[in-house]
Every structure is written in C-alpha cells, then in structure tokens.
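Everything below concerns the one structure shown next.
The values are calculated or read from the model by the stated rules, or taken from the named source; none is laboratory data. None of these values were measured; they are calculated from a predicted model. All Cβ positions, even for glycine, are placed from backbone atoms using ideal geometry, and neighbour counts span all protein chains on display. Just so you know, the surface numbers come from the protein's heavy atoms only, side chains and all, with ligands and any DNA or RNA stripped out. Shrake-Rupley method; radii C 1.70, N 1.55, O 1.52, S 1.80 Å.
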Amino acid sequence: MDYKKLTIRGISYSQTQSGAYALLLEHEESNVKLPVVIGNFEAQAISLGLEKDIHPPRPLTHDLFSKFISSANYEITSVIIYQIIDGVFFSNINFKNKESNEELIMDARTSDAVAMAVRFEAPIYTTQQVLSEAGILLELEDVSKQDTPYEEVSEGNLSSLTLEDLHKLLEDAVKDEDFDAALEIQEEIKRRKKKID
C-alpha cells in the first residue's frame, strides 16, 4: 500500500473541549494537515518524547514500555494510522526484532502510537483515504477576516453559511490552530458535498 509520511507540526490546547489537545500532523508533499484530538496525559507523553533533554524523575508509562521493548531486543520501525471511523483514528505500531528480524504488529490508540514513535524516532504514516477523510488543506489565497468569525462554529450556525464562507472559516480556524472548530466546519463541507453528489 502507498503510505503517506506524516510529520508532527505541534500540539495545541483545544479551544472547545476542556482538558483536550490537538496533535497536528502534516503530509509534507501535499501540505495536508491531520488534526488528532488527544488527552492531557497523551499530549504530555508526546511532548516529553519530543524533548529529548527532559527526563522525569520517575519513568512514565510510555518510557517504561520503551525500555521493555528495547530490553526484549525489539525496535519500533513505524506507526501507521490506517483508518478513521466516526472521528476516531485507528493505528498500528510495527515492531521488529533486532536479532531474528521477526516482525510484530500491534493495534494502538493513535496518541499512544505517536508517543512511542517519537521515543524510537520511528516514521509515522497514514493512507490517502485517511488524508482525504480527515485532512485539512490550507488554500494559499488571500482571505479577508471580515466574514463570520469561526468562534461562532460551536453555536451551530454553519448551515446558514455559504460553501465559500465555510472554506474561509476553515482556513482561519486552521491558521489560529483551533482544530476542533476546523473539524466541525470540515464535516459541514463534507455533508454538503455528499448532497451535491
């Protein structure tokens, strides 16, 4: 299968869900962004994995599992986000034994898979279907911000906006890293496109 490589672009606090964060992954070739909503603990685990110089006084769960993998003479070769169902991402962690070259695939929550990938500096991939369903592409056009602000998305007023306005709101939400609002706007755009088809 033709997998698309993703890069971690950052983690931001969720504007609409209390205690939640948005992990932003990007497919560099197409600039399509993939926002994944994660919890506080998972955000901390990924951040600590990215910051190689910070070591907590006691090992966190992902650090403990990393040590176990290494002690068992395995390594993580890749993480694959292979599908999305009802807004939930599904991922696999691919392991390889350093001596026997035996391969092992384990199902994992995407947040845990990414937290492990950063500890092993393993690549993260997804499919074109996941990018098409959940990815957000920023248009490189000059968009004025005098239209309805995207903060009003949570008030459920998307149905009254034109498709052009929705695209402008989507771009503004992504620029301001409000990925929860961006996902809601994108869902409305997809609903309308399905009606047209």
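Here residue 86 clears all of (1) open to solvent by less than 90 Å² (accessible area, probe 1.4 Å); (2) within 25 Å of residue 136 (Cα to Cα) except the condition numbered (1). Residue-level check: of (1) within 24 Å of residue 9 (Cα to Cα); (2) over 23 Å from the mean Cα position of the chain (by Cα), residue 104 misses just (1). So, in the range 21-34, of the ones that are outside any strand (DSSP E or B) and farther than 14 Å from residue 174 by Cβ, which residue ends up most open to solvent (accessible area, probe 1.4 Å)? Among residues in the range 21-34 that are outside any strand (DSSP E or B) and farther than 14 Å from residue 174 by Cβ, the one most open to solvent (accessible area, probe 1.4 Å) is 29.
If you go through the range 128-170 and keep only what is at pLDDT below 50, exposed (fewer than 10 other Cβ atoms within 10 Å of the Cβ) and assigned to a helix (DSSP H, G or I), you end up with just 155.
Taking the criterion of being in contact with a strand residue (DSSP E or B) (Cβ under 6 Å, 6 or more places away or on another chain) and either modelled with pLDDT under 85 or under 22 Å from residue 132 (Cα atoms) (or both), the residues of the range 29-59 that qualify are 32, 33, 34, 35, 36, 37, 38.
The residues on offer are 71, 12, 18, and the sole one that is more than 16 Å from residue 123 (Cα to Cα), small (Gly, Ala, Ser) and surrounded by 12 or more Cβ atoms within 10 Å (Cβ to Cβ) is 12.
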